[in-house]
Structure formats: structure tokens, C-alpha cells
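Bear in mind that the values in this text are calculations on the coordinates, not laboratory data. It should be emphasised that the depicted structure is a prediction, and the values quoted were computed from it without experimental measurement. Because the Cβ atoms are built from the backbone with ideal geometry, glycine has one as well, and the counts that use them run over all protein chains shown.
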């Protein structure tokens, strides 16, 4: 079976935990500890998800002292999220209905 070119990228976007991470990082940059507290998740599970997101450059990481701070790829991911929001608001009636519940 031929590997689908964008499979790993879209697999990241189809994962509920990774979507929660992306949503949190949309608002502010955070360390693993901060993200773990905010998402109420084990640090090891979160680190595994962040590694996968880093491999596709959905998130990037920088060092601040001893902390590793994670942030969204502002060049491509933030504009893509804006397009997805626009699509959802204009065309995805099922998504809008689920958000209103």
C-alpha cells in the first residue's frame, strides 16, 4: 500500500489531545508543566504528543533557562487555523451545532 503524503500531518490534527494542545498554544506559549496542568494530563503522555507535533513542525520549542517553551508554528499553522475557523463558521453546520450545545 502506498503511503499517503500528508498522513502524519493530518493524523496529528485528528487526535483530540493534540487538538487540545494546539488550542491551548493558540492563546499562549507554555512549558510542558504548564500545559499538563491546564489540560489535566500526565506529563509523559503530553510529551509524547508534543514530540509528534514537533516532527510535523506544528509546534516548535525554545529554551528559556531550564524550561522548554512550546509554541505554534506562526508561519503556517496559525493561518491554517484561521482558514479552518472561517470554513467552520461559513460551511460546517454540524460543527457549529456541536459548539452551541
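Descriptive notes on the structure:
- Most mobile of 77, 22, 58 in a GNM of the chain (Cα contacts under 10 Å): 77
- Relative contact order, percent, the chain [alpha-carbon distance under 8 Å, six or more residues apart]: 23
- Computed lengthening from residue 93 to residue 9, 0.36 nm per intervening residue step minus Cα-Cα distance: 27.8 nm
- FRET efficiency estimate (nearest 0.05) - Cβ-Cβ, residue 48 to residue 28, R0 30 angstrom: 0.85
- 222 nm mean residue ellipticity, helices alone, for the chain (DSSP H n ≥ 4; -39,500 (n - 2.57); rounded to 500): -18500 deg cm²/dmol
- Label corresponding to P(r) over Cα pairs in 5 Å bins from 0, in percent when calculated from the structure given, among (i) 3, 14, 23, 24, 18, 11, 5, 1; (ii) 2, 12, 21, 20, 15, 9, 6, 6, 4, 3, 1, 0; (iii) 2, 11, 20, 23, 17, 14, 8, 3, 1, 0: (iii)
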